[in-house]
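Only the coordinates and a few stated rules stand behind these numbers; no lab work does. Nothing here was measured: the structure is a model prediction, and the numbers come from that model. Cβ coordinates were reconstructed from backbone atoms using ideal geometry, including for glycine residues, and neighbour counts include every protein chain displayed.
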Amino acid sequence: MSVFNASRLQGKTVLVTGASAGIGAATAVLFARAGSNVILAARRIEQLKQVEQSCVAAHKESGVQAGGKFAAVQLDVGDRQQINTLFDRVPANLKTVDILVNNAGFVLGMERVGDIADADYESMFQVNVFGLIAVTQLLLKDFKARNAGHIINLGSIAGREPYAGGGIYCATKHALRSFTGTLLRELVNTNIRVTEVQPGMVETEFSIIRFRGDKSLADKVYEGLQPLVAEDIAEEIVWTASRPPHINIAELYVLPVNQASATINYRGGK
């Protein structure tokens with residue numbers, strides 16, 4: 001028995017949304033190292049191409065002969081037309097996807113309800129909920145036809161408990177959790193696996209986006225404790241995907257050791 005047997009991922013094709021940075025980028029690179037083919041999808045095509053090169057390097061370093069096919073495809077999951085035409089931009093040898101990682105998502109602001117801009121809550125729902133649903137539906141018919149596939153959704157501690165200043169983001173992640181639970185139940189008579197990974201504090205550009213580019217405010221979110229990093233969550237995603245086909249990790253809740261909930265943490269020093 002292997003501690004972490006990634007051989008089941010060799011030659012599999014993985015679609016990762018939001019792959020230009022953070023958890024999405026780290027996940028794409030780790031799948032590449034495991035011998036998978038990866039479709040990297042995100043809005044920022046130049047950054048995406050850099051991640052694609054990191055995938056090429058990781059695959060080469062691994063020495064694994066399987067996989068090694070990569071494609072950077074521009075995709076704004078908030079744009080339904082771009083989702084509907086996604087596979088028009090995917091190379092023919094990558095059109096059959098085995099694993100979908102719905103990672104794209106973001107948060108804007110800490111405004112309280114009553115002070116939230118229309119554009120902010122509309123864009124968060126458009127990407128975090130409607131976009132995720134649309135990408136899932138795009139692939140699910142083929143998964144059902146083949147009676148195979150794995151849908152991995154990036155949830156959050158925010159989908160387990162709400163907190164003040166997170167009204168919209170928490171609502172989107174609660175919606176994601178409910179949608180994922182529905183998929184799990186609807187697909188119980190198939191071989192399609194459904195997983196939700198729910199991270200706590202992860203230090204990426206997430207908080208910088210939340211605070212609209214103010215890095216000093218973003219840094220304070222993690223001050224005094226050691227947060228998770230993108231590679232930590234990437235490892236959990238790839239681990240869930242590498243389980244034997246009769247095993248489904250339905251829900252994985254991952255926290256830094258000094259975090260106990262969305263609002264309870266210990267900042268006694270790293």
**Message:** Of all beta bridges DSSP finds with both residues in the chain, what is the antiparallel percent, to the nearest 5?
**Reply:** 5 percent
**Modelled FRET efficiency - R0 22 Å, Y163 with E235, Cβ distances, 0.05 increments** = 0.25
**Request:** For the stretch 88-137, report the translational diffusion coefficient in µm²/s to the nearest whole number, using Stokes-Einstein at 25 °C, 0.890 mPa s, and a Kirkwood Rh over Cα pairs.
**Result:** 186 µm²/s
**Request:** Report ³J(HN,Hα) in whole Hz for each residue of the stretch 4-10, in order, from the Karplus equation J = 6.51 cos²θ - 1.76 cosθ + 1.60 where θ = phi - 60°; Gly and Pro get x.
**Result:** 9, 8, 8, 5, 5, 8, 5
**Item:** Fluctuation leader among A25, A57, A158 - the chain, Gaussian network, Cα springs under 10 angstrom
**Value:** A57
**Asked** Hey, what D do you get for the stretch 10-254 in µm²/s if you plug the Kirkwood alpha-carbon radius into Stokes-Einstein at 20 °C and 1.002 mPa s?
**Response** 118 µm²/s
**Request:** Tell me what the chain gives for mean residue ellipticity at 222 nm when only DSSP H runs of n ≥ 4 count, each as -39,500 (n - 2.57), the sum divided by the residue total, rounded to 500 deg cm²/dmol.
**Result:** -11500 deg cm²/dmol
